[in-house]
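All remarks here apply to the structure that follows.
The values are calculated or read from the model by the stated rules, or taken from the named source; none is laboratory data. Since we're looking at a predicted model, the values are computed, not measured. Cβ placement follows ideal geometry from the backbone for every residue including glycine, while neighbour counts extend to all protein chains displayed.
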Amino acid sequence: MSDQYEIAGRSFTSRLIVGTGKYRDFEQTREAVEESGAEMVTVAVRRVNITDRDKENLLDTLDPARYTILPNTAGCYTAEDAVRTAKLAREAGVGNLVKLEVIGDEKTLMPDVPATLDAAAELVRDGFDVLPYVTDDPVACLRLQDMGCAAVMPLAAPIGSGLGIRNPYNIRIILEQSTVPVIVDAGVGTASDAARVMELGCAAVLMNTAIAGAEDPIRMARAMRLAIQAGRDAYCAGRIGMKLYATASSPITGLID
Amino acid sequence: MKVTINGEETELSNGITVTALVESLGLTSKRVAVEINRDVLSRERWNETTVQDSDQIEIVQFVGGG
C-alpha cells in the first residue's frame, strides 16, 4: 500500500522528519534516526571550530545519499541573517531545501512572522525550496503558500515545550485552505501528540526534542514512528463520528426471553 | 596579513586563495561553506578569490539541530 507525499518534487514515505540536535553523540543520533524511519533530517549551520577541526562531521554519520538533508536557519533573529544562513547551507552542497526559522523572541522562540514572510519571499525568488516554521496562524500560512513556499510548517506548541497541539482548530483551518503539504513543526511531546497530528490530516510531523530529550531516545524514536503510522492509518480509514449516547455493538434482535 | 576567521584573528600569508586556505585547514573534503565580508562564495569562486588583509571570513558546516 503506497501512501507517499511530495515536497518540492521529492517523494517521501515516512511522515516523520527528525531533528539531529541534543543527542549524546553521533552514534546515538544515528541510531535514533535509523529507528525513527525518517527519510529527511534537519541540521543546523554553525562555524567550523578551526582550532579543533579533527572532530567527526555530522554528515559522516548521516549520509546525504540516504537522507534528505534539511538545513535550518535556527538562531536567526532577522530576515537578513536567515537568508545569509540559507545561502551558506546551499553552498555547503546539500541542495535547495531550507527550513526557514526567523525567531522573534528568545523566551518563547515564537517566529517573527513579518520577518519570516520577508525572508521567505527572498529565498523563493533565489530558487530555494522553502519550508517555513511559522505560528499556527492561518493567514500567515496562506501568505507563505501564495508566495511559493514548498510547504507550511505551523508549530503545535513552543519549540521543545512538549505541550502537544495547543490549537487543533487552527491546524484544521490551515489544512482546509492549504494546497501545499502541512507539516506540524515543534511542540510535540509524546507519541499520542504525533498520532493526533496525523489524525488531523497533516502531511508530516517534524520533531527533535521529543525524541532526543526522552530518557530512552531510541525507544521514543520507535514510538514516534509507530504513532505516526497509526495516526495516518486512522486518518485514511475515516474515523466514526462522536455521539453523546451509546450505539450497541451486538444485535438488538434475537435476544433470549 | 591579518584576517578574522570565525571570529578569531589569524595571520595568513599574502596572496593566499580561498582554495589554499580551506586546504590548509584540512577542510577540502568536508561539506563546508565560505563567506568573505558577508559575501557567500560558491565553490567555483574559491580558486579565483584571493584573501585580502582584514577580511572577515566565516567557514561553516552542518551540526546537529532541529
Which one of these is in contact (Cβ under 8 Å) with a residue 40 or more places away in the chain and of a type in the set (S, T, Y): A:S36, A:S11?
-> A:S36
Evaluate the following for A:A195: is it in a helix (DSSP H, G or I) and farther than 20 Å from A:Q4 by Cβ?
-> no
Exactly one of B:E23, B:E9, B:E48 is away from chain A (no Cβ under 13 Å), surrounded by fewer than 17 Cβ atoms within 10 Å (Cβ to Cβ) and out of contact with any Leu (no Cβ under 9 Å at 6 or more places or on another chain), and that one is B:E48
List every residue pair whose Cβ atoms lie under 6 Å apart, where the two residues are 6 or more positions apart in sequence or sit on different chains, the first residue falls within the range A:227-249 and is touching a residue at least 12 places away in the same chain (Cβ under 8 Å), and the second residue, located anywhere, is assigned to a loop (DSSP other than H, G, I, E, B) and of a type in the set (G, A, S).
-> A:Y235/A:G201
Six or more apart or on different chains, Cβ under 8 Å: which pairs go from a residue in the range B:34-49 that's at positive phi to one that's assigned to a strand (DSSP E or B)? Could you list them?
-> B:N37/B:Q56; B:R38/B:Q56
Going through the range A:169-197 in order, the residues found to be closer than 18 Å to A:C236 by Cα and touching a residue at least 40 places away in the same chain (Cβ under 8 Å) are A:P181, A:V182, A:I183, A:A194, A:V197
Among the helices (runs of 4 or more DSSP H) contained in the range A:79-182, which hold 2 or more residues that are modelled with pLDDT of 95 or more, within 14 Å of another protein chain (Cβ to nearest Cβ) and more than 16 Å from the chain's Cα centre (by Cα)?
-> A:79-91, A:113-125
Within the range A:203-226, count every residue that is within 14 Å of A:G21 (Cβ to Cβ), touching a residue at least 12 places away in the same chain (Cβ under 8 Å) and not in a helix (DSSP H, G or I).
-> 4
Can we say A:R90 is without any contact (Cβ under 8 Å) to a residue 40 or more places away in the chain, over 17 Å from A:I7 (Cβ atoms) and not polar (S, T, N, Q)?
-> no
Which strands (runs of 3 or more DSSP E) does chain B wholly contain that include 3 or more residues that are among the charged types (D, E, K, R)?
-> B:8-11
